[in-house]
Structures are given as C-alpha cells and as structure tokens.
There are 2 protein chains.
Amino acid sequence: MDAGLPSELAGRGIEPDCIETILVVRDVLARVGDKWTMLIVTVLRDGPMRFTALHHAVPGISQRMLAHTLSALTRDGLATRTAYPEVPPRVDYTLTELGRSLASAVDRLVGWVRDHQDEIVDNRRQFDSPD
Amino acid sequence: MDAGLPSELAGRGIEPDCIETILVVRDVLARVGDKWTMLIVTVLRDGPMRFTALHHAVPGISQRMLAHTLSALTRDGLATRTAYPEVPPRVDYTLTELGRSLASAVDRLVGWVRDHQDEIVDNRRQFDSPD
DNA sequence: CGGGATCCGATTAGATACTG
DNA sequence: CAGTATCTAATCGGATCCCG
C-alpha cells in the first residue's frame, strides 16, 4: 500500500511500531475521508439496510463505488454483510460495534467542522480573491 | 469540486444549508485524510518551520506535494505563510489557532485508531485469508 | 437483486527541470 | 531557498455489460 515511507522512516531509527501506527492512522483517515464512506455510514447508523436501499439512500453513488466502499467497510470489520440464500438474492449491511464506535469518534470531528465551516469558507474566499 | 451531488440532493427537498455542510465536512475530512496533511500538521505543532526544514522532517514527501499541501493549509486558514524579504529567501509556516484546534479534534480520532488498530488489522487478515 | 469484470476519462502525485 | 512548470505513471471513479 505504501512501500516508500516505511523504508525511509526505518533508516532513521524510528520504532517499527510507530511506523505501523502512522500507516494505519493515515489509512483509516483516508477511508473516512473518502467520497462516500461517511455518507454510507451515516445512513447505516439508522439500522441494517440492503444494497439497493443504500443505493437509493445515497444519491449520486454508482453501483461500483457502493460495492467497493461496502466491501472495504466489511473488510475492516466496520460493517457486516449478511446474504440470505433466497432468489432473488437479498443482502443486508449492518454497522458493527466497531463501526458505531468509529462513527461517534468521527462525529466529534464533524462537530468541529460544523462549528468552523464558516470560518474556513471565509478564509478560502479571502485567499482566492485576487485583491 | 462536486457538481453532481448538490443538484441530486437539491431535487429531494433537502435544505441547501445541509448540503453545504455535507460538502464542507467531506472536504475537510478529505484534507486531513490525505497522504501528507497529518504528518505536516504534526510536525508544525512543535512550532514554526521553514519549507526546507519541513521537507526534511517529513520523509518521502516531494517538493511539489509539500508546496501543494502547505498552500491548501494556508488557504483554509489552518496555517500561515510568512515570507521574509531576504536573499536567499526564507519562509516560515506556522499553525494558526484554527489549525491547532483542528489538530486536537483530529487527535481524538487518532486516539481511536491507535486503540483499535490491532482489531482492524486483524479483521483485514481474516477477510483476506483465503479460507 | 447484488454484485464482478471491463473500459475509459479524470484526477493525483512523483520525478525532473527551471526560476526569482 | 522556495517554490512553479511540465511530463508521466498510477490510481480513482463512472458507465456499461454480464452473470448467479
């Protein structure tokens, strides 16, 4: 995933454990920071939901990205996938305890953004304005 | 930046303010979730630093990405850029109050990741193992 | 219905070279 | 020293088609 950094850090006497942490932290931040994860997680907080329901609940997402993101969440143990042996198929996605725990940790960050978004948007306008 | 989502949300009777928030939240999450931002911010928390010092303090980053990321931080008002009219040029970057405030908000999330990284890494191994 | 496989345009980021 | 400009390789994401 990130072959360059570890070797460069390793040569500097930095603890391998710390490198691991940096990599995992960055990785998880990248996941919650991506285009769709938070939207999906937010929807899933209300309870289990099927693939198609999610597809309708998250406007604008493609089938492909929905499947990808759900697979990533499942892989990390943040959601569970339950397939019922029926035809036509039915699949439920549910947030795990770990997923809910992450969601509430992210909530505080989202709170920060809500509290400061005006300031940020303002800073951008000033920066971009060609005085 | 994200032309599709707003129009799709707008058609559903969702408040424009809420759309704004979703977009800004996602945007800020994407910034802290990108490959270099957190590393740079972490280094900057110890105090002001010049461009070259940052380049050395953040192993593996290219000059281009360092300049880009610093510019983005400055644009959002998370850092300030101070250029001294000398030759050779000297430029300092400093975290603003807003930047420090974000950093500590992110800290809690980083704490969560540290607390659960073993669990996550474990889940991935199980998911990837070809049982 | 719930995806996986494929194709392709768009964005990203590293390497390199150049400049005030 | 502190960047910008350019080129390129890789990645991302949407559209489409297909299948159990």
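The values are calculated or read from the model by the stated rules, or taken from the named source; none is laboratory data. Since this is a predicted model, take the numbers as computed values, not measurements. Quick reminder, even Gly has a Cβ in these numbers, built from the backbone with ideal geometry, and neighbours come from all protein chains shown. Surface accessibility is based on the protein's heavy atoms, side chains included, excluding ligands, DNA and RNA. Shrake-Rupley method; radii C 1.70, N 1.55, O 1.52, S 1.80 Å.
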Copy-to-copy label separations for residue A:50, where each label sits 7 Å from Cα toward Cβ, in nm and ascending = 6.4
request  = Run the numbers on region A:50-71: which residues show a drop of 10 Å² or more in accessible area, chain on its own versus all protein chains together, using a 1.4 Å probe over heavy atoms?
outcome  = A:56, A:59, A:60, A:71
note = Given backbone amide H placed at 1.01 Å from N, residues whose amide H is under 5 Å from that of residue B:79, ignoring those fewer than 5 places away on the same chain, are B:74, B:96
note = For chain A, longest principal axis from Cα atoms; helix A:97-128 axis from its Cα atoms; angle between them, nearest 10 degrees, is 50 degrees
ask   = Under a no-solvent Debye model with one identical scatterer per Cα of the protein assembly as shown, what's log10 I(q)/I(0) at q = 0.08, 0.09, 0.11, 0.12 Å⁻¹?
value = -0.38, -0.47, -0.69, -0.82
task = Net charge near residue A:104: determine it from the other residues with C-beta under 12 Å of the C-beta of residue A:104, scoring Lys and Arg +1 and Asp and Glu -1.
result = +2
request  = Compute the signed sum of charges (Lys and Arg +1, Asp and Glu -1) over the other residues within less than 15 Å, Cβ to Cβ, of residue A:51.
outcome  = +2
Relative contact order, percent, region B:24-123 [alpha-carbon distance under 8 Å, six or more residues apart] = 25 percent
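How high is the relative contact order of region B:79-126, given as a whole-number percent (alpha carbon pairs under 8 Å, six or more residues apart)?
25 percent
Give me the accessible area buried between chains B and A, both sides summed, with a 1.4 Å probe, in Å² rounded to the nearest 100.
Using a 1.4 Å probe on protein heavy atoms, the buried area is about 4600 Å².
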key: Solvent-accessible area per residue, Å², over the protein assembly as shown with all protein chains present [probe radius 1.4 Å]   = 54 Å²
ask   = For region A:17-34, which residues drop by 40 square angstrom or more in accessible area between the chain on its own and all protein chains together (1.4 Å probe)?
value = A:21, A:24, A:25, A:26, A:28, A:29, A:33
key: Rounded percent of accessible protein surface that carbon and sulfur make up, chain A, 1.4 Å probe   = 53 percent
query = Across peptide B:117-128, how many C-beta atoms of other chains are within 10 Å of each residue C-beta, on average?
reply = 4
request  = Report the closest approach of any chain A C-beta to the axis of the A-to-B rotation: residue and distance, in whole angstrom.
outcome  = A:33, 1
ask   = For chain B, what number results from the quotient of the Cα radius of gyration and 2.2 N^0.38 Å?
value = 1.35
message = List the residues, sorted by chain then number, that are 5 or more residues from residue A:90 or on another chain and whose placed amide H is less than 5 Å from its amide H.
response = A:84
query = For region B:61-128, max minus min Cα coordinate along each principal axis, in Å, sorted largest first?
reply = 57, 27, 16
